[in-house]
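Worksheet: the structure to be examined is printed underneath.
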There are 4 protein chains.
Amino acid sequence: MIVVMKPDATAAETAAVISKAKRMGASSHPIYGSDHTVVALVGDMTQVERSVFDAMAGVLKTVRIQEPYKLAGRTSHPHNTVIDVNGIKIGGNDIVVMAGPCSVESRDQILEVAHMVKEAGATILRGGAFKPRTSPYSFQGLGEKGLQYLAEAREQTGLPIITEVMTVETVQMVSEYADILQIGARNMQNYGLLQAVGKVQRPVMLKRGISGEIKELLMCAEYILSNGNYNVMLCERGIRTYETATRNTFDLNAIPVLHRASHLPVVADPSHGTGDWELIPAMSKAAVAAGADALILEVHQSPDNALSDGDQSLKPERFAELMADLRRIAAAVDRNIATLPTDRAEAVNGLMKETV
Amino acid sequence: MIVVMKPDATAAETAAVISKAKRMGASSHPIYGSDHTVVALVGDMTQVERSVFDAMAGVLKTVRIQEPYKLAGRTSHPHNTVIDVNGIKIGGNDIVVMAGPCSVESRDQILEVAHMVKEAGATILRGGAFKPRTSPYSFQGLGEKGLQYLAEAREQTGLPIITEVMTVETVQMVSEYADILQIGARNMQNYGLLQAVGKVQRPVMLKRGISGEIKELLMCAEYILSNGNYNVMLCERGIRTYETATRNTFDLNAIPVLHRASHLPVVADPSHGTGDWELIPAMSKAAVAAGADALILEVHQSPDNALSDGDQSLKPERFAELMADLRRIAAAVDRNIATLPTDRAEAVNGLMKETV
Amino acid sequence: MIVVMKPDATAAETAAVISKAKRMGASSHPIYGSDHTVVALVGDMTQVERSVFDAMAGVLKTVRIQEPYKLAGRTSHPHNTVIDVNGIKIGGNDIVVMAGPCSVESRDQILEVAHMVKEAGATILRGGAFKPRTSPYSFQGLGEKGLQYLAEAREQTGLPIITEVMTVETVQMVSEYADILQIGARNMQNYGLLQAVGKVQRPVMLKRGISGEIKELLMCAEYILSNGNYNVMLCERGIRTYETATRNTFDLNAIPVLHRASHLPVVADPSHGTGDWELIPAMSKAAVAAGADALILEVHQSPDNALSDGDQSLKPERFAELMADLRRIAAAVDRNIATLPTDRAEAVNGLMKETV
Amino acid sequence: MIVVMKPDATAAETAAVISKAKRMGASSHPIYGSDHTVVALVGDMTQVERSVFDAMAGVLKTVRIQEPYKLAGRTSHPHNTVIDVNGIKIGGNDIVVMAGPCSVESRDQILEVAHMVKEAGATILRGGAFKPRTSPYSFQGLGEKGLQYLAEAREQTGLPIITEVMTVETVQMVSEYADILQIGARNMQNYGLLQAVGKVQRPVMLKRGISGEIKELLMCAEYILSNGNYNVMLCERGIRTYETATRNTFDLNAIPVLHRASHLPVVADPSHGTGDWELIPAMSKAAVAAGADALILEVHQSPDNALSDGDQSLKPERFAELMADLRRIAAAVDRNIATLPTDRAEAVNGLMKETV
């Protein structure tokens, strides 16, 4: 950590900084410049907050040198983490496509769309049973009933399921149904929830908050990792900027930046990222070209009648076209779109024929 | 609600919009412009989401006319809400100053600072027992022990206490100690938590999220109000923008905008708003001039040694000077800085003399 | 245009709106909702400012329906504009790569790098002779001498040149040397300059300002088009957001959004967009996948010693690798990377052999 | 300047940094931390760009310690600059109110409003003759004719005038009429224009760009100062953020931040800052409470019929009320609202009686 003193800081104020650093186990290297004295602190300062020094008299500012995320960072963990979800690997060479409706609306709806997205090549099924809604008067999801329908869809199709968990109390219940727990953007810094999903053995997809900095996202992952759950993937889903031509600004730069800073897999969510189904194909292709390890896409058999997010959902036929395009882009960056393990795909197809 | 059709929308697509609106109980008024057909929907559309129409074929966009917050909005509730906290009124003509440390660090610390801020004229004591921290390795607060110390400080000083509640599980416990429940910026859209505090009978101070839109803040208040708790105050605490000269951009414009849109009291938090104690006096005065009903300020007897937020905490002597300045600004806008009810101030002073 | 009245607007206030609209040649369709009266104005309102009605008593807000950019918009000009720059077509099926250093630093430097980028497959040479610099003490460019070196590089390589013009006074001079005039991000709304380049017959590449809205960018293009110059291309180069992990947030969403709204070609600038050479390959590939018609990239033979922007410049060998990758992505979206017209490429190669 | 090396940087790469610094006249102090080597450079680095080191192999990032604005900064110029405009002092203890219409629309309009704002207590008259407009089809100002009307208004009222200059070519002409040259937000980084106004002897009010960082604003002031014009005032006029409840986010924090960083006077523009006349009174009072040295306000005798910005203009009677309120706030911070020099006020009143 670097502590920059004010131009008019006294020697005693600089000495106080050095003395405090010593108490924290760091050695100090003061450098006397023309305008400012700068004190470089050497030692493990990753867990020391900057405000500890910023609050001292005579201090202008501090600059952190070491990144504060020990477990999420690439420095101490150089190799990519690959997460195995029922035999589907996220973070390896194959790009995983997760697809399904925003909300589970009924048994028929989720079963139908599950078969459709599987047919088009998705390998993980998404669908919300607990929905964080801006208005208290909006549809809030089917709750556990929705989870049961998702489980039934998994049984029929063989697709693992990802679904959101919103509260500490429901972590246990959702974990019994879901293959991947999703932490939504609004809950990125809901630390109680992060700690709770850190204690279960289910992979977690952590979404970047709508104004989450990349370093904050990594610190939130650190909350989960430091509680013992190492299967965390990071999801870019659009940030809030001044631009209103798109609902959010889908920040693809986050993909290479996260890959450089962290070993965790990176998922891109073009549906929420853009909020506009017409933009999804272009931005999905761009996400793959930029290096995403997985995509999560909203697909609904009838967006006009969706209970939520119809305007950012693809129809199944458009999704199938997009999958074909994505295979070409993946090949152009020497990757593949992941497929279901062969035996499961077949066995389940048999099952599907019987039940649908 | 206004539905704007695309220039190439077909008559059938417009008819589908009209038909869907009819099913929702709204009458439609199509207007045929040179480039676009526009359909004005008349009826109560406050609880209808825009995506219901945005997702339809041929629709370019929708524009909401009615505000979706029925309970928080001023339209249906023109008179200011005044919240009574142990005899101190928030939202009336007097401006309430809440002050105290970021975190409760020890019994001695909170008792000492409580007397100091009371002496300077604060009428509510702030202090965090549960702390949402960016790093999992940082001090997370004293928990229930911290609440007990706060209660002891209240007993000694007569100052009601405001403290943050972070999880649904602790709402009941925190409510037993606190006079005002604080929902922090990171939890503005933690809907489970909002519903939980909506069901207890304690005033709630809801902080604007770091990228919360004003209309979102009002929708979050709506979550609390619609669960039966009408004693909600709104708190501006700085938003995230591109500017890095200040930690956040303390958005004072929110004060008159919230007063225009809502009947709920508005609190300003210059400590988090600026993140820099040197800026707090100027911005506190500005907040009062802009119409804030209350201020919440971080005061610490030794910011250099604070366990959190030392850099944005005022020393007690600076706080006392600021209080004098605020009284002058309040007078210049025909308001007063609130004082403790006389009998309590006296009785407690007697108590204080004995115990401190 | 839609005019929304306040809930307490009087009939006289609504009548005043209707009367003003009539004077402007628009017919009015008032709709009486439960809370608000809404007046829909039918007629050509594209050149009427919203403040004309927003300022009226009783008006809550106005909503524009027609887009105000007549010439830049796709509504009245559905087919893509293709700009011919010395035989190289921008906006057609082939994707054009413009490359070269941030600044022209010397004759040797620009000639050397021109041959290098041509060798790697670029078809247009970039280089700044007039440099907008944040500090008045920084290198400000070689001026006309730099333009002469660029012209010499064009003569040797056959590559057309793009260079920035910063002031009205130099438009004529720069036009004599350049094949494409670049308007920089800081000058997006320098209307005098836009009018000046609208009056010369040189293609213009207009960069989005660092906080330019997409609709503002199109209105700035409208300034150029309405002065008679129809050869305008739009350039996304990164916007300013709260995120500091990247210098700017390169907004690839702008590519499909601009293609939907406008017929003008869209150029992507990953060098400024990211400000970080390590991110350029990923984001260049993403830009092509998202539909960019051209890329503009900073390439320098020795970024360590560049007089400006060394940190966002590619070395020639990295640029050559990227070109190979881009050809694969282009093919995956059924496009090609543009090449120089065969005869010119050959003739110039002959010339090159003699002069270098 | 601090240069932070990557964890895997080689000794040779660090040596190259030290060697380059030496060539620039700086001594180097390398500090070897657990993860990173850090090189502190001592010497005058204010005019060295960070990219000079950022571009080097093995460098992670650089941190600037000295501020790059020598002339605008307070470090080397601790006392406040006070600018004298025809006897009215800006930057001293008195707060100057500049008022008038957005645009000069006609001789009668500007003369009438000039008398009105003088009557209410303004001491400087604002009015635009050259208008930067978002649309090429909007009213662009009366040009030199407008300047002549302004001069006539000055003659009648004794109020000095401030008006915008948009292009280098018109700097000379506008300087012949105006007492203060205004550089608009869109031109904050129009460096040619900054250099041009740096060479004339007229005070300049430099507006912060809509996404201008405070340090950029100071660097733009540096462009003017370094060309020899020391009479520069800085104007906060609202920044672009994600919030759409206000047209801009009027950033009052800039006032104390600028006062801390710079000796130049700070002007606040609540009209553009908020874009909404209903918010102007609250935010004007807040600006004075926050320490603004001057306010600039749009006043129009008939906002409903203004040719521009009617929605953010105060009527003269509201402006007069606001002036009364501002005097009270100014007194509460031990300042006064400036008044015209007595003799001029009288003499001119005599003149006024004859001519109006």
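Figures for the structure shown
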| read-out | value |
| --- | --- |
| Coil-residue GluC sites (Glu not before Pro) of segment C:48-113, DSSP, other Cβ within 10 Å capped at 15 | none |
| D (Stokes-Einstein, µm²/s), Kirkwood Cα radius, segment B:210-330, 1.306 mPa s at 10 °C | 105 µm²/s |
| Rg/Rh for segment A:209-260, where both radii come from Cα atoms and Rh is the Kirkwood radius | 1.04 |
| Size of charge dipole - segment C:2-63 - debye, nearest 20, with Cβ of Lys, Arg +1 and Asp, Glu -1, no other charges | 140 debye |
| Dipole magnitude (debye, nearest 20) for the protein assembly as shown, charges at Cβ of Lys, Arg, Asp, Glu | 0 debye |
| Reachable aspartates and glutamates, given that their alpha-carbon falls under 19 Å from the alpha-carbon of D:LYS70 and they are not under 8 places away in the same chain | A:ASP8, A:ASP35, D:ASP44, D:GLU49, D:GLU213, D:GLU216, D:GLU222 |
| Copy-to-copy label separations for B:GLN148, where each label sits 7 Å from Cα toward Cβ, in nm and ascending | 4.5, 8.5, 8.6 |
| Chain C: angle of helix C:107-120 to the longest principal axis, Cα-based, in degrees nearest 10 | 80 degrees |
| 10 Å Cβ neighbours from other chains, averaged over peptide C:184-193 | 6 |
| Ellipsoid semi-axes in whole angstrom, largest first, where each is sqrt(5λ) of the Cα gyration tensor of segment C:175-224 | 19, 11, 8 |
| Cβ nearest the rotation axis (D onto C), residue from chain D and distance to the nearest whole Å | D:SER211, 2 |
| Placed amide H near C:LEU181: partners under 5 Å, 5+ positions off or other chain | C:VAL204, C:MET205 |
| Calculated log₁₀ intensity ratio I(q)/I(0) where the Debye formula runs over C-alpha points of segment C:94-250, q = 0.11, 0.13, 0.14 Å⁻¹ | -0.43, -0.61, -0.71 |
| Degrees between helix B:11-23 axis and first principal axis of chain B (Cα, 0 to 90, nearest 10) | 50 degrees |
| Rg/Rg_ref, segment C:2-63, where Rg_ref = 2.2 N^0.38 Å and atoms are Cα | 0.99 |
| Over 31 Å (Cα to Cα) - which of A:LYS20/D:LYS20; C:LYS61/D:LYS89; B:LYS207/D:LYS89; B:LYS131/B:LYS199; C:LYS145/D:LYS145; C:LYS207/D:LYS285 fall in this group | A:LYS20/D:LYS20; C:LYS61/D:LYS89; B:LYS207/D:LYS89; C:LYS145/D:LYS145; C:LYS207/D:LYS285 |
| Dipole moment magnitude, nearest 20 debye, segment D:5-150 about Cα centre, only Lys, Arg, Asp, Glu C-beta charged | 260 debye |
| Whole-Hz couplings from phi, Karplus 6.51/-1.76/1.60, listed for segment C:224-229; x for Gly and Pro | 6, 4, 6, 9, x, 9 |
| Burial order of peptide ranges B:26-39, B:331-344 (average beta-carbon count within 10 Å, highest first) | B:26-39, B:331-344 |
| Listed residue (C:SER28, C:PRO7, C:LEU60) projecting farthest to the positive dipole end of segment C:2-63, Cβ model | C:SER28 |
| √(5λ) per eigenvalue of the Cα gyration tensor, segment B:180-277, largest first, Å | 23, 13, 11 |
| Stokes-Einstein D (µm²/s) once Rh is taken as the Kirkwood radius of the protein assembly as shown over alpha-carbon pairs, at 4 °C in 1.567 mPa s | 39 µm²/s |
| Among C:GLY238, C:VAL171, C:THR134 - extreme Cα towards positive end, dipole of segment C:122-255, charges at beta-carbon | C:THR134 |
| Two-decimal Rg/Rh across segment B:75-178, once Rg and the Kirkwood Rh are taken from alpha-carbon atoms | 1.02 |
| Other copies of A:SER27: label-to-label distances in nm, shortest first, labels 7 Å along the beta-carbon direction | 2.0, 8.4, 8.6 |
| Net charge of Cβ neighbours under 11 Å - reference D:GLY87; Lys, Arg +1; Asp, Glu -1 | -1 |
| Angle in degrees between helix D:280-290 and the longest Cα principal axis of chain D, rounded to the nearest 10 | 50 degrees |
| Volume per residue of the C-alpha convex hull in segment A:117-195, rounded to whole Å³ | 105 Å³ |
| Other protein chain Cβ atoms within 10 Å, averaged over every residue that makes up A:259-270 | 1 |
| Longest to shortest principal axis, alpha-carbon extents of segment A:262-307, angstrom | 40, 19, 14 |
| Hydrodynamic radius (Kirkwood) for chain C, which is based on Cα pairs only, to one decimal in Å | 21.8 Å |
| Selection from A:SER76, A:SER51, A:VAL96 lying farthest towards where the dipole of segment A:39-140 points positive, charges on Cβ | A:SER51 |
| Inter-chain Cβ neighbour average for residues A:307-314, partner chain, 10 Å | 4 |
| Residue of B:VAL257, B:VAL63, B:VAL168 that the Gaussian network model of chain B assigns the largest fluctuation, springs spanning Cα pairs under 10 Å | B:VAL63 |
| Mean ellipticity per residue at 222 nm, deg cm²/dmol - from DSSP H runs of n ≥ 4 across chain B, formula -39500 (n - 2.57) | -10500 deg cm²/dmol |
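Any read-out appearing in this document is the output of simple, stated calculations on the displayed coordinates, not a laboratory observation. Source: prediction; values computed, not measured. In this analysis, Cβ positions are derived from the backbone assuming ideal geometry, glycine residues included, and neighbour counts consider all displayed protein chains.
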